[in-house]
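Written below as structure tokens is the structure these notes are about.
Every number here is computed from the coordinates shown, using simple stated rules; none is lab data. Worth saying up front: this structure is predicted, and the values here are computed from it rather than measured. We place every Cβ from the backbone using ideal geometry, glycine too, and count neighbours over all the protein chains shown.
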Amino acid sequence: MKFTLSWLYDHLDTQATLEEICAKLNQIGLEVESVENRGAAIEPFLTARILDAQPHPNADRLQVCRVDAGPGFQDVQVVCGAPNARKGLAVIFAPPGTYVPGLDITIKAGKIRGEASGGMLCSLRELGLGEESNGIAELPEDTLPGQSYADFAGLDDVVIDIAITPNRGDALGVRGIARDLAAAGLGTLRPWLAETVEGKFDSPVVWDISYPEACPWVLGRTIRGVKNGPSPEWLQRKLESIGLRPISALVDITNYFCFDLGRPLHVFDAAKIAGSKLTLCRGAGEKFRALDGQDYTVGTEDCVIADQAGVQSLAGIMGGEATGATAETIDVFVECALFDPVKIALSARRVGVSSDSSYRFERGVDPALPVSALEAATRLIIDLCGGEASEVVSAGAQPAWQRDATLRFARLRDLGGLDVPADESVDLLEKLGFEVQDRDDAQVRVSVPSWRNDIAQKPVLAQGEGIPADVAAKAAEGVAAIESESDLVEEVLRLKGLDAVPAVPLPSVVVVPEAALTPRQARLALARRFLAARGLTETVGFSFVSHEEAERFGGAPESLRLLNPIASDLDQMRPTPMINLLAAVKHNSARGWGDLGLFEVGPAFAENGQQPVVAGVRSGHTPRYPGQAGQPVSLWAAKADALELLQELGVNPDALSTTTDAPGWYHPGRSGVLRQGPKNVLAYFGELHPSLLQAEGIDVPVVGFELMPDVVPDPKRKKKAAPRLSAFQPVRRDFAFVVARDVPGEKLLRAVRGAERQLVADVSLFDVYEGPHVPEGHRSIGVEVTLQPMDKSLTDAELEAVSEKIVAAVSKATGATLR
Amino acid sequence: MSNDLEILRQEVLSELAGATDLKAWDAVRVSTLGKSGRLTALLKALGKMQPDERKARGVALNRLRDELTRAIEARGKELEAAALEARLVAERVDVTLPPPPVERGYLHPISRTIEEMTAIFGAMGFKVAEGPDIETDWHNFSALNTPAHHPARTDHDTFYLPPQPGLDVTRVLRTQTSGVQIRTMLAQKPPIRVIVPGRTYRADHDATHSPMFHQCEGLVVGKGITLGHLKGCLIEFLRAFFGKPDLPVRFRSSYFPFTEPSLEVDIGWSRKTGEIGGGEDWLEVLGAGMIHARVLANCGLDPREWQGFAFGMGIERLAMLKNGIPDLRSFYESDIRWLRYYGSDPLAPALLHEGV
């Protein structure tokens, strides 16, 4: 909502400075978005008159002018290059020392080609005010020299733009803002009284309402014999200053009241109304052309104004082109209506239009204002356009808007945290227009002013379905009992200023609080730190990707496709953050940074819900170093990332098994699934599928993993038994087994581990070999076994026995033989 | 000393001098003092001598043995020292070369900022609550006193999803994490203190808006919680978060459908330098208010019994302010150079006792 200081002064009598006004607006909830002072930059420029203009003796294109620019500059010689400089012309003069914004220079007194020049005559472009520059600006002939040009041109006014929150429909008019400022102690609200204009005849146009849910009350009157020319300068200037284009006196008047009182009006050209009746009714799928030249289709929920010929206005939103006022309009019919805010909001959203009018109706206009607003508008139309007014015609009736609200003074302290004396509270409410109905020591009951649609409204609840009926009813009763009181608390605090409320620390329940994170949440924080410490860098990717992309990664169900995506490549909830990571690899690689490690901890979406996924990738090559060439990233790095992370999250690696059925975006022969038991899939890992990388346009090798932390069993904090630390040296023995190639290595290692649980403390792989000396279709697997005796050193015979046991166990499980 | 002993002495000493490595030295030692060494042989021969001869010869032999033993040991040490010296010279490398590179990883500024918020609010007794990104219309709007026609809804630019088969519920991508407030109040009895950091979505994409961003909401429900507590809590948070104990904080009246009174919070800063806490200007950082009676009742809480406050702030916005990050969009572009520049050290998590 834009307004100028001078417009504010129409309603507010105040000595406050601009800074004070802005500070107060901010305090009371009318947030200042911007303050534009167009006059400040051109303050030094003066109006002037050229007394005489002679050709410059030393230059063909220059003239030497004598200029009168008022006191101090009554006869200044100025050298001027403009062809239109001539004797008697009223001009804009920049005295020495003036900064000229359009030229970015500061004027100095001096000599030009030998002739003294004590200033500059300017074009509007040089003032930074316009584009045209055919010489210097020509002011009206009767312009008095020596005035500030900014004042003269009405540019001295400061434009303030404030953000109006949806509850404050009353502040969508300058008068409402003035009222709030006056209540906050910044001056007094000037009285405003609409003078009644006597009706001279019966209006030839009358109202009818067939859709009272949308329009409870409408007023109107005909003014005949008007002349609709341009509106006077004061009105044009007011509208222009807040960014509105003046159109014609009649239209400008409606716009003026829209912003002055927050009261939308509409004018019909009475001659263009078919028949004598305008009806507020439901639309019926008709098309009509609005004032913006666009065609709109109106439905049965939309409220329209129709005459015999059809729809002439989308009520409260926009008038129709066919019946709009033009320069030829002679008889005008003025509409002043009340519309239901919800109906207007929904209609405006349906047709996709937000007008100054609908904006106000949606937020609620003053239901008591129509009568006086119509009088004021009639008066102004007759003043500016002439003509005479009919009697007022109406349909429907003023809806009951009267409401009371009660404030217990203690609630200011108990809810608002501020002790406000009762007298002061009442005084502030009265300044806002509340009227005291009754009062005692503890509380006051006030009536709510008609313009405050946001206060003491009937509560509308949307209570949760699972709440027991008695609990819900009691809660609803509570709202009915105290909501309007909270409204009043807010009003008093707003005017007092929230800075007055003393800050109080939250009461501590205990000095050292419990952990803020659940064990599961803490585990994700740990996962982030762990992966970053392993050299991967964290990213955050959008939760939506393109559905084509999603299809390559496990599916793009319709139920997870946005109905209104912002871009076609951001239309599907992602099935895995791996998609974002690969996109990141692609972009970084394209910039020349292909050797990367990235991870993301974020949601993955599926039809049965979302779950967090920890995904990581490594791309490109390992770094080169003397003695070590750069190697393509290896799937073992990805498996290690996943395994190590699972271990960090509390999973015993011995409890895991690896299967080879990773999803299709991985290389089928170089990927795996880490499982705990047959059902729980904890992670995928592997090389990304080469054809996927090709499709993505990624030309560096990529390995990665996806880990499902919610499948990892919840961390348990169990008391550990004391460790048994043996006093005896462990014994290490190497075994090489020849085993069929298709036997998973994991199976063999597990068999070794399980062969003699009392003694086998560790099994590690040191060799895998295929080739000469190993039968075709077989490979040799070398493992080092650590045997840890607990009670005594092992004898040779015992060692021999254990070795045989291990070989037997492996042979039984895998068919392997000792090499 | 007998002549033969002197000869042996000279011989051994000269051999020792001639031994230039430990191997040669060891040969001299063995051939002198070893089992079948020359001196050992002479000592063995002592037993066959007459007692009177034996005495004098024994003394001389012992003296010689002592001398040669010392000489051999000394030469051995010399040679060892020389060998070590030679090894050290041979083993010298160019230590000015860099070590093999180890990739460092970093945490994203968003998760760092969430960690900091969690640490500070955690110290005030808040727990972290979470909820789904795909919310019902009711959780995201209606329960928060924002019915379908409410003008605030048009400000939100909501993303919609098709209804789930068989369920007549409008689904949206949450425009705020406030739905989790509702879930929390429905699920647990007050007193409640939670913060809700998480992803939020609005259909808006330009230099200062991203279709996905992060918010951290807070909710306090109790008995006797007032706007004074709201102020105390948020001032404490902001001062701790920005590490400025004197940070100016300003509260302005505002409006949100789900709070009353509602307010916005500004902090002092300098528009010119961007310095937080300095200068004459104010910068909006969060919105807050006392929970609206209707919101409490929508969750089954009697507003006569329970009251409290809620607040919400943009995580990227606070991260940008604190770390001087100029562009919102860069948060999601995953440019490794940016991530390394603004990312944080995983081994220095946000711990109050180490400073956030």
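Can you pick out the pairs among B:K44/B:K77; A:K87/A:K111; A:K792/B:K77 whose Cα atoms lie more than 32 Å from each other? Before the final figure, lay out each step's value.
Numbers: B:K44/B:K77 28 Å; A:K87/A:K111 21 Å; A:K792/B:K77 42 Å.
Cα-Cα > 32 Å for A:K792/B:K77; rest within.
In a solvent-free Debye calculation with one equal scatterer on each Cα, what is log10 I(q)/I(0) for region A:731-818 at q = 0.14, 0.15, 0.24, 0.25 Å⁻¹, listed in the order of the q values?
Normalising to I(0) and taking log10 leaves -0.46, -0.52, -1.17, -1.25.
Shielding by partners for B:106-113, please: the mean number of other protein chain Cβ atoms within 10 Å of each residue's Cβ.
Taking the mean over all residues of the peptide, I get 5.
With a Cα-only, solvent-free Debye model of region A:124-216, what are the log10 I(q)/I(0) values at q = 0.14, 0.20 Å⁻¹?
Log10 of I(q)/I(0), two decimals: -0.95, -1.07.
Can you run the Rg to Rh ratio on region B:228-269? Use alpha carbon positions and the Kirkwood inverse-distance Rh. Provide the component values of the computation, followed by the final result.
On the way: Rg = 11.1 Å, Rh = 11.0 Å.
Radius of gyration relative to Kirkwood radius: 1.01.
Give the residue from A:A532, A:I242, A:L570 lying farthest towards the positive end of the charge dipole for chain A; charges sit on Cβ (+1 for Lys and Arg, -1 for Asp and Glu) and the dipole is referred to the Cα centre.
A:A532
Cα centroid distance between region A:334-393 and region A:61-101, in Å?
49 Å
Going by C-beta contacts inside 10 Å, put A:W217, A:W665 in order with the fewest on the left.
Details: A:W217 21, A:W665 24.
Going from sparsest to densest Cβ surroundings: A:W217, A:W665.
Which value, in debye to the nearest 20, describes the size of the charge dipole of region A:731-818 about its Cα centre when Lys and Arg Cβ atoms bear +1, Asp and Glu Cβ atoms bear -1, and nothing else is charged? Before the final figure, lay out the partial values.
Details: 11 positive and 14 negative charges, 56 e Å.
Once rounded to the nearest 20, the dipole reads 280 debye.
Tell me which aspartates and glutamates have Cα within less than 13 Å of B:K127's Cα, excluding those fewer than 8 residues away on the same chain?
A:E514, B:E115, B:E217
Taking every residue in A:165-172, how many Cβ atoms of other protein chains lie within 10 Å of its Cβ, on average?
The shielding value for this peptide is 4.
So for the protein assembly as shown, what percent of the C-alpha to C-alpha distances run longer than 39 Å? It would help to have the intermediate numbers written out before the result.
Details: 458085 of 689725 pairs.
Cα-Cα pairs of the protein assembly as shown separated by over 39 Å account for 66 percent.
Could you work out the helix-only [θ] at 222 nm for chain A, with each DSSP H run of four or more residues adding -39,500 (n - 2.57) and the total divided by the number of residues, to the nearest 500 deg cm²/dmol? Don't jump to the answer; show the numbers that get you there.
Values: 19 runs with 215 residues, N = 819.
Mean residue ellipticity, 222 nm, calculated: -8000 deg cm²/dmol.
What's the exposure ranking of A:V393, B:V28, going from fewest to most Cβ atoms within 10 Å?
Values: A:V393 19, B:V28 25.
By the 10 Å Cβ count, ascending, the order reads A:V393, B:V28.
Cut-off is 10 Å between beta-carbons; in what order do A:K2, A:K716, B:K231 appear when sorted fewest neighbours first? List each step's numbers first, then the result.
Working: A:K2 17, A:K716 7, B:K231 24.
Ascending number of Cβ neighbours within 10 Å: A:K716, A:K2, B:K231.
If you average the C-alpha positions of region B:1-75 and of region A:608-648 separately, how far apart do those two centres end up, in angstrom?
Region B:1-75 and region A:608-648 have Cα centres spaced 68 Å from each other.
Measuring from centroid to centroid over Cα atoms, what is the spacing of region B:309-356 and region A:747-819 in Å?
Rounded to whole Å, the Cα centres lie 51 Å apart.
In straight Cα distance, which lysines are under 21 Å from A:K2, not counting same-chain residues fewer than 8 positions off?
Partners within reach: A:K24, A:K238.
Could the peptides A:787-794, A:372-379 be put in order, highest first, of the mean number of other beta-carbon atoms found within 10 Å of their residues?
Values: A:787-794: 14.2, A:372-379: 22.0.
Top to bottom by mean Cβ count within 10 Å: A:372-379, A:787-794.
Provide a whole-number value for the mean count of partner chain Cβ atoms within 10 Å of the Cβ atoms in peptide A:514-526.
Numbers: counts 3, 4, 15, 5, 4, 0, 1, 5, 1, 0, 1, 9, 2.
So the per-residue partner count for this stretch is 4.
Sorted by packing (mean other beta-carbon atoms within 10 Å per residue), highest first, where do A:192-204, A:276-288, B:43-55, A:171-183 land? Show your work: numbers first, answer last.
Numbers: A:192-204: 13.7, A:276-288: 17.4, B:43-55: 10.9, A:171-183: 23.6.
Descending mean neighbour count gives A:171-183, A:276-288, A:192-204, B:43-55.
So, in nm, how far is label A:N134 from label A:D742 when the simple model puts each one 7 Å beyond its Cα toward the Cβ?
9.4 nm
Between the DSSP loop rule and a limit of at most 10 other Cβ atoms within 10 Å, which trypsin sites (Lys or Arg not before Pro) in region A:602-710 are left? Provide the component values of the computation, followed by the final result.
Numbers: sites: A:R618, A:R624, A:K639, A:R670, A:R675, A:K679; in loops: A:R624, A:K679.
Sites meeting the loop and neighbour criteria: A:K679.
Highest mean first, how do A:436-444, A:293-301 rank when packing is the count of other Cβ atoms within 10 Å averaged over residues? Mind showing how you got there, number by number?
On the way: A:436-444: 12.6, A:293-301: 14.2.
The densest-packed peptide leads the list: A:293-301, A:436-444.
What is the ratio of the Cα radius of gyration of region A:215-357 to 2.2 N^0.38 Å, with N the residue count, to two decimals?
Working: Rg = 14.7 Å, N = 143, 2.2 N^0.38 = 14.5 Å.
Compared with the compact-globule rule of thumb, region A:215-357 sits at 1.01.
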